[in-house]
Structure formats: C-alpha cells, structure tokens
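Single-structure report; data block below.
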Amino acid sequence: MDQITRILEKLNQQRSGKTVTLADFMPMSLAEVRSLTGSRLSREEAQLLHRAAIKEQQNNILYTARALTRANPLLKKEMGAARTYGATPYGYNDIIMPRADEFAAPGAVSSMFSPAGYLTELYREARGLHQKDSVNNLDKRRPDLAKLVLSQENLDKEISTLSLANEQLETALMAQAGQTDKNKYYETLATSRRSGVTPYNAPFEGIRNALAQQNFVLPDHVLSKGAQSAAQMALYAGISPELYAILTEKTDGLSEAATEALLKKNFPGIDTDRLMNLDALANYYGLPRDEIQEMLEKYGAKTPDDSHINTLPLHFVETDGKITVIGITKKIYNHPKEFFYIDLVPQGDKQFLVNFSVKNSYPQWPNFQISPTGYWKDEIYIKENFIPEAGQHYSIPVILEDSSPTDKIHISITRFLIKNKDDWANSSCDFFPVNTALASST
C-alpha cells in the first residue's frame, strides 16, 4: 500500500487541479487510467495503480454486503430461530453431510480429472485421426501406448524423457530384429557390424560412463608402472572388445577373394560404392562431415612411401564431396638415388602435394624449382635460398591445371644456382594409375 501512496503522491505533484485518490480510478479501465496519467507514470506504475483500484473496489463491495446483512432485521431473526440449544455438540459435518467418500481423490488414477483420465480420453480421440493403414496412425507410431497399464504406480512414478525415448527405441529395434529377449538382443549388438555405430557393448559402455562420471582412473599394473596398458587406453578411447577385433584384423597381403569376404563381413548388405562420399560416410558413422573431411585430408597429407613401395594406394576428395581411391605407381629418372622418396598426393580440384626427402643437401645450389615438364619456363613452384636438408620430409602444395590423377603426370625437381645455366641437379618422376601402367607394360 505504501507503493500505491507514493504513486499517488507522484501523480498529484505534477497536477495543478484537483487531487486524485484511489477511488477516482475504481470505475476506470486500464486504458482510461493510462490516458489520465499520461506520461507522468510509467506503464508498470499505471498497471499497478489500476490493479490496486480494482482490488479496493472489490473490498468495498464485500464490506457493503456484510454491513447490509448484519443490519437486516429479518435475517437476524431467522438466524436466531434456526439456532438450537442443547448439551449435544455439533459441527460443520452435522449441518452439511460429507460426500467426499462418494468421489475419487483428485490424485487417484480412477479420477476423471487426473492426468491418467485426461490422457485416456486423448488417446481415444487420437486413434481415430488417421486411417489404420496410414503410417501416421497412432497404433503404428506408438504401439507401446496400447500396452501401457493405467495404475497408480505408473501415475505417481516419474520417468525422464530420455529414458522413455530410449525404451521406445529399444522396443522398436528389438521388434525390427525379431528379438524378444533383451539380453540376447544386446549380445547381438555387441558383435554387430551392420552399421557404422556398431558394435555396441552395453556393459562396456556402462562401466566406461560410470568411471568417467566419477573421474576414476584405473591404476597401472605393477609390472607396467608408468605406462598405460592397452586395456586402459581402449577403455578411455571407447574401444569395445569387438571393435578392437575389427581394428586389428589383418588386411595386408590378402588375396582378392579374402579381401572381398572381409569387406562383406564388415559391410554386410551395404553397397560400399555409395559410401564413397563425404555426406554418406558422415551419415553412416554418425560423425560431422567436417571431421570426416579433416581425417581424410590428414591421412592424405602423410607421405605414403615410408616403406619405399612404388605402387601406392591414394585417395582424393572432389569439391562435391566425392571420394576417389586410386593406385599410383611411379618411376624416377635422372639421379634416382638422390631421393629417399618422391610422392604425388592428390588433394582434389587439381591440387596436389609433392612429398619428398633428399639424400644429399647441396649448398652450392640454393634455389629450388618444381616443373611438370622439366623446362625452366614451366615452373609451378620456385623458391630462392631453399636448400632441402638430407633426410628431412618436405610437403609442397602445387596446382596442375591440365593434369588429373587418372592420367600420367610428370614432375621434375631441380636444384640450381642460376636459371638457364648448366650448373644444376635434376631428378624427374612419372606418376600414373596402376591400370595405365599395366596396360603400357603389356
């Protein structure tokens, strides 16, 4: 009430006419109050003044009704006649008989006003919204609702939305797989290879998440103190036993038939050609597209010739996300023993990486050039005062406008003192797809 008094004082201080009181605002609407006060009061103050006037008006009406009731001689006489005197006490329940036992409690599942009653009526109405053969039919979208027991326990027990969603997904997946035993279904998931997010080992994930939430670190074995064991590293990385078996499968040196069998084992019923796209891979493994692209770019940026193999499997990503895998073989001319390796790694969109490592460093030739033809004028990369160190890995990005990884590509590396002079060292390398090399050799 003190706040209302301050508002009235503020309003009257800015008025030159009659002093206004709360009674003046009782018959007014909010719009009329704001019109009368104008800019002297804020919107919140006008609303507060209007509510206080309405409340005070209601109190006046109640007070008037009580006063008239007490002053009515007829009513006073009737109340006196209705009063009985005696030694037996009586209370409110003796005047108005209780009937609460004839109705259900407000929180009971049997009450028509309970959430259970409301949802039951809602379910009956929703079932008829779509035809029975429609995919939007409630019985097809939520078949679990028909099996939901309307009990007091289910009404009082709270369950999180995530738990309910997981339960429904689990039921739907078990029905799709034709499983009725939950334990057997989880055993199947623990060894499943039918998607990029499986195998899923529920006990393993439960233990891993529990340890992570408690920030618990398993102690190292006494015999391997100071170094984490393979089991610990697999636990931290989320690598379940079956996933570890997949990652450690032997893939080198397999025959074509064995490779095909291993491919079908890890991608059952899946057309792997459709996965040769960034969006398809991201969707299959449940990872962001940027992470898939970053992983492929990091792998492609490595030098693949650490074992000095001339025929190399490489991949490159086009601008539209298409992934192409090719085998590239090479042949080095002009001083082939000057390099540990020379590799050409496609990056997509006519961009390549020239990876190399030299065996000898020549300070007398401080300038460096890469050319697709070997001619001085055709350089695609040139750098002065660049002397490659022996045994050091280098990766230089270049652009080959008229070249494709599916065609033969010539790369010439020259170290020189003065351009167009005979004082230089040059090595050349031809790169071409495996199929082209086989065709030319036959």
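Go through the residues of region 193-216 one by one and say whether even a single one is of a type in the set (A, V, I, L, M), surrounded by 14 or more Cβ atoms within 10 Å (Cβ to Cβ), over 15 Å from Ser240 (Cβ atoms) and modelled with pLDDT under 85.
no
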### Query
Just to be sure, is Thr373 within 30 Å of Leu275 (Cβ to Cβ) and either in a strand (DSSP E or B) or free of Cβ contacts under 8 Å to residues at least 60 places away in the same chain (or both)?
no
### Residue ID - nearest to Asn201 (Cα to Cα), chosen from residues in region 238-271 that are of a type in the set (Val, Ile, Thr) and over 25 Å from the mean Cα position of the chain (by Cα)
Ile246
### Qualifying positions in region 113-145 - closer than 27 Å to Phe103 by Cα and free of Cβ contacts under 8 Å to residues at least 24 places away in the same chain
Phe113, Gly117, Tyr118, Leu119, Glu121, Leu122, Tyr123, Arg124, Glu125
### Total residues in region 139-192, condition surrounded by 10 or more Cβ atoms within 10 Å (Cβ to Cβ), over 23 Å from Phe267 (Cβ atoms) and β-branched (Val, Ile, Thr)
1
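The values are calculated or read from the model by the stated rules, or taken from the named source; none is laboratory data. What you see is a predicted model; the values in this text were computed from it and never measured. Cβ sites come from the backbone with ideal geometry, for glycine too, and all protein chains shown count toward neighbours.
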